[in-house]
Amino acid sequence: MSLFGKMINSVVGGEDSLSPRIVITFDGRGSRLYHPGETLAGSYWFDFVGGDDIHAVECSILWHTEGKGSEDMGVHGFWRYALESGDWIDPRRPGRFHTILPQSPLSYSGILIKIYWSVRVRLFLSDGREAVEDLGFRLGNLPDVRTLKPIDFI
């Protein structure tokens, strides 16, 4: 598993059923396929978190690569809400995100490199614990290179 995958799957402070949980949803779509120029919008909320427990929340729209060579990461959109900035964070009300998606890089599942897009929400608690959740989506409709049929040259 890549460093990025380990970051996505980690919840600092324990795995018990009362650990903070983040839920991310996209607005009104049965599919997670989006095209460049479309609006990506949705909500996130928290379970097992009280209002006094939250120090800050970050929401980002990002892409990353996996495969041969170095892994890259790019941030398309980023929002941070924190108590020290005077932001009011109510865990009983869903947070919102929306952005116009860029022309590139498109999602791609090649043999040597893969490009993934996701919405990431990070929750920073007053006691120092953090929770992270990612929800992936596809940007563009490039075919999976492994499903393409080879061309016979005569």
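Any read-out appearing in this document is the output of simple, stated calculations on the displayed coordinates, not a laboratory observation. Keep in mind that this is a model prediction, so the values were computed, not measured. Using ideal geometry, Cβ is built from the backbone for each residue, glycine included, and neighbour counts are taken over all protein chains shown.
Once amide H atoms are placed 1.01 Å from N in the peptide plane, what residues at a sequence separation of 5 or more from residue 129, or on another chain, have their amide H within under 5 Å of its amide H?
none
Between residue 77 and residues 5 or more places away or on another chain, which pairs have amide H atoms under 5 Å apart, with H built 1.01 Å from N, and which residues are they?
Residues meeting the criterion, in which the H sits 1.01 Å from N, are 61.
What dipole magnitude, in Debye to the nearest 20, does the range 95-134 give about its Cα centre under +1 on Lys/Arg Cβ and -1 on Asp/Glu Cβ?
The calculation lands at about 120 debye.
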